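The values are calculated or read from the model by the stated rules, or taken from the named source; none is laboratory data. Predicted, not measured: the structure shown is a model, and the values here were computed from it. Every residue, glycine as well, gets a Cβ built from its backbone with ideal geometry; the counts of neighbours run over all protein chains shown.
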Amino acid sequence: MQADPYVLNRLTNLMHGQGLCWAVPVVRDAVRARAQEPKTPKTPQQLFDGYFTEAGVWGYWGQYLDTHLLLGHQLPIVWCNFGTSGSAKYAPGARFACRPDTIWYEPIIKDWAAQPPLYDPQSPNLLRELDTIRALCQRHGDRAMISFPDNCGVLDALAHLRGSEALLMDMLCEPQAVHLAMRRLLDGWKDSAARLFDALRDNNLGGSCHGWMYTWYPGRHAQLQADLSVMLSPDLYEQFVLPELYELSGFLDAAVYHLDGQEQLRHLDMILSVPGIRMIQWTPVAGQLPTSAYLPALERILKAGKALVLLPGKAELDTLLPALGRDGVFYIVRDAQSEAEAMAIASRLEAFAGQK
């Protein structure tokens, strides 16, 4: 994969809180003008192939690259969306179902006393994902970077395997069992991640990229998260999530934390205390206020020396740009309605940044 060294340098500097980056993807006008064929429901096999085979993954992302104009600092990236907290699939007996918009897991841990195995280094699911990544790199690496998969959140993976409600009760009633399970999952995550990074390294020019945040770093770079934490008190977050963040961010060269929902603001000071987290991605959750309504929190993040990835609407730039300044923010604006509007947004961000 060939990439503009200038863009790679901008993305690298961003991880250190220097400069602005922006991406303004938009459907090309000629594509938008064409009549769209109605979508037909996919069979279970077609859904599975779309997530996990080279042909299925490229079928989607190759079309995306052909039909979208990528403006700003957005690299052409294929997102290997093998399921959020997808390392749960590497547990023996893991059961999951492919849906049109997500992968859904069925809990398999019924009894902690049995000490069920939670990671198989020869898991057919892991081996299939490695094969798919290698095939994507070999056949399409000249057109795009291939992302590290969405294996974010070890506690979230445990929630897939145990069930969220049961796991929340276990944290109160059987905390030692949860800690032991987390230890095994963390070791498995690091083993599988090392193998996945090895498969991606050459295609990613010695580094690694994130599929939907469009970030890149010359080393091991991936997303951390704890979506279950919207239901946790600060005490439980400190006990069960904070150790995961310290350990996995130490394994990575540049970690980005996916902060999904205003309920996680009660944990923000702990998240900011983790040195290995270089960047926080703020998600505008459906039913909550827009990104620009949380300026005090965003300013705290920047003041703590962390960069930001934001997904605001175009109208929010009037508020965000003067408030957050010219360093440490990646703006991803996805609501442009034409190529001309997207170009105008990108030009505005470039002018604000004061340089190309």
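For region 151-178, enumerate the residues that are of a type in the set (D, E, K, R) and not in a helix (DSSP H, G or I). Let's see the steps before the verdict.
Going through region 151-178, the residues of a type in the set (D, E, K, R) turn out to be 156, 162, 165, 170, 174.
Selection gives GLU174 alone.
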Checked region 278-294 for anything under 20 Å from THR215 (Cα atoms) and touching a helix residue (DSSP H, G or I) at 6+ places or on another chain (Cβ under 7 Å); matches are ARG278, MET279, ILE280, TRP282, PRO284, THR291
Contact list, first residue from region 191-209 and closer than 17 Å to TRP79 by Cβ and touching a residue at least 60 places away in the same chain (Cβ under 8 Å), second anywhere and among the charged types (D, E, K, R) and in a loop (DSSP other than H, G, I, E, B), beta-carbon distance below 7 Å, six or more apart or interchain, is SER208/ARG220
Only unsatisfied item for ALA286, checking (1) at pLDDT below 95; (2) among the aliphatic types (A, V, I, L, M); (3) touching a Lys or Arg at 6+ places or on another chain (Cβ under 7 Å), is (3)
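Listed here are the residues, each with its yes/no results for (1) touching a residue at least 24 places away in the same chain (Cβ under 8 Å); (2) more than 22 Å from ALA144 (Cα to Cα); (3) among the basic types (Lys, Arg); (4) not in a helix (DSSP H, G or I).
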| position | (1), (2), (3), (4) |
| --- | --- |
| ASN9 | no, no, no, no |
| LEU14 | yes, no, no, no |
| TRP22 | yes, no, no, yes |
| ALA30 | no, yes, no, no |
| LYS39 | no, yes, yes, yes |
| ASP49 | no, no, no, no |
| GLY59 | no, no, no, no |
| GLY62 | yes, no, no, no |
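Answer yes if at least one residue in region 226-247 is closer than 16 Å to LEU75 by Cα, crowded, with 21+ Cβ neighbours inside 10 Å and not aliphatic (A, V, I, L, M), and no otherwise.
Narrowing region 226-247 to residues closer than 16 Å to LEU75 by Cα: none.
No, region 226-247 contains no residue that is closer than 16 Å to LEU75 by Cα, crowded, with 21+ Cβ neighbours inside 10 Å and not aliphatic (A, V, I, L, M).
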When region 18-55 is checked residue by residue, the ones that are surrounded by 17 or more Cβ atoms within 10 Å (Cβ to Cβ), out of contact with any His (no Cβ under 9 Å at 6 or more places or on another chain) and of a type in the set (Gly, Ala, Ser) are GLY19, GLY50
Within region 98-112, of all residues that are over 20 Å from the mean Cα position of the chain (by Cα) and touching a residue at least 40 places away in the same chain (Cβ under 8 Å), the one nearest to TYR60 (Cα to Cα) is PRO107
* Check region 154-162 and report whether any residue there is touching an Asp or Glu at 6+ places or on another chain (Cβ under 6 Å), farther than 15 Å from TYR246 by Cα and among the charged types (D, E, K, R). => yes
#### Entry: Residue check, ARG143 surrounded by fewer than 21 Cβ atoms within 10 Å (Cβ to Cβ) and in a helix (DSSP H, G or I)
no
(1) under 30 Å from MET343 (Cα atoms); (2) of a type outside the set (Val, Ile, Thr); (3) crowded, with 21+ Cβ neighbours inside 10 Å all hold for LEU161 apart from (1)
Screening ALA336, ALA342, ALA351 for residues that are among the aliphatic types (A, V, I, L, M), over 23 Å from the mean Cα position of the chain (by Cα) and either loosely packed, with under 15 Cβ neighbours inside 10 Å or not in a helix (DSSP H, G or I) (or both) leaves only ALA351
Per the filter on region 200-221, residues in a loop (DSSP other than H, G, I, E, B), buried (at least 24 other Cβ atoms within 10 Å of the Cβ) and among the aromatic types (Phe, Trp, Tyr) are TYR214
Notebook entry, point to check: Any chance region 257-269 includes a residue that's touching an Asp or Glu at 6+ places or on another chain (Cβ under 6 Å) and over 25 Å from ALA177 (Cβ atoms)?
Noted result: yes
